[in-house]
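Comments concern the structure below.
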Amino acid sequence: MSGDTVVGNALQFTNDNKFAYAYSGAKTVTATPSDLLTFQTNSEYLVGQFKPQQAVAAATGNDILVNIYFNDILIVGYVMGKNAFSEYDPSGTTETKLIVPPFTTVRVEMDNLSGGSDTMAVTFTAKVGMPQRVGNLDD
């Protein structure tokens, strides 16, 4: 149902369909790459932002590799370094703004490059756009 808060691999929409969101929830990230968030778009496009963040208050000082894929194509990748976790920041330490095209599988993957484990999360929020109507309105 639109408007519910759901954690996991689901893209949700507000009741008026003007905004979309997806939340991974807290997940353990180790030295093996793991998917934190996966969702698919339909005919809409999304103008949004991804916010990976440490999900617990204890700073570990680990380096976390964050990769964002569209249809299994790496769109952006970066390392959230040890200094990014100097204190708990629920608003996110890194924000990546992207336009997500229609009919796209989006995947956010994280990998702990320091070899330990960290509890991480990623949020995605977006404004929903619809494709322009093409053709005669009387069709």
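How big, on average over all directions, is the shadow cast by the Cα convex hull of region 12-129, in nm²?
Numbers: hull surface 26.7 nm².
Average of the hull's projected areas for region 12-129 equals 6.7 nm².
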If I model a spin label at M130 and I99 as a point 7 Å from the Cα along the Cα→Cβ vector, what separation in nanometres do I get? 1.9
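Read the figures in this text as sums done on the coordinates, not as results from a lab. Fair warning: this is a prediction, and the values are worked out from it, not measured in the lab. FYI the Cβ positions are ideal-geometry reconstructions off the backbone, even for glycines, and counts take in every protein chain you see.
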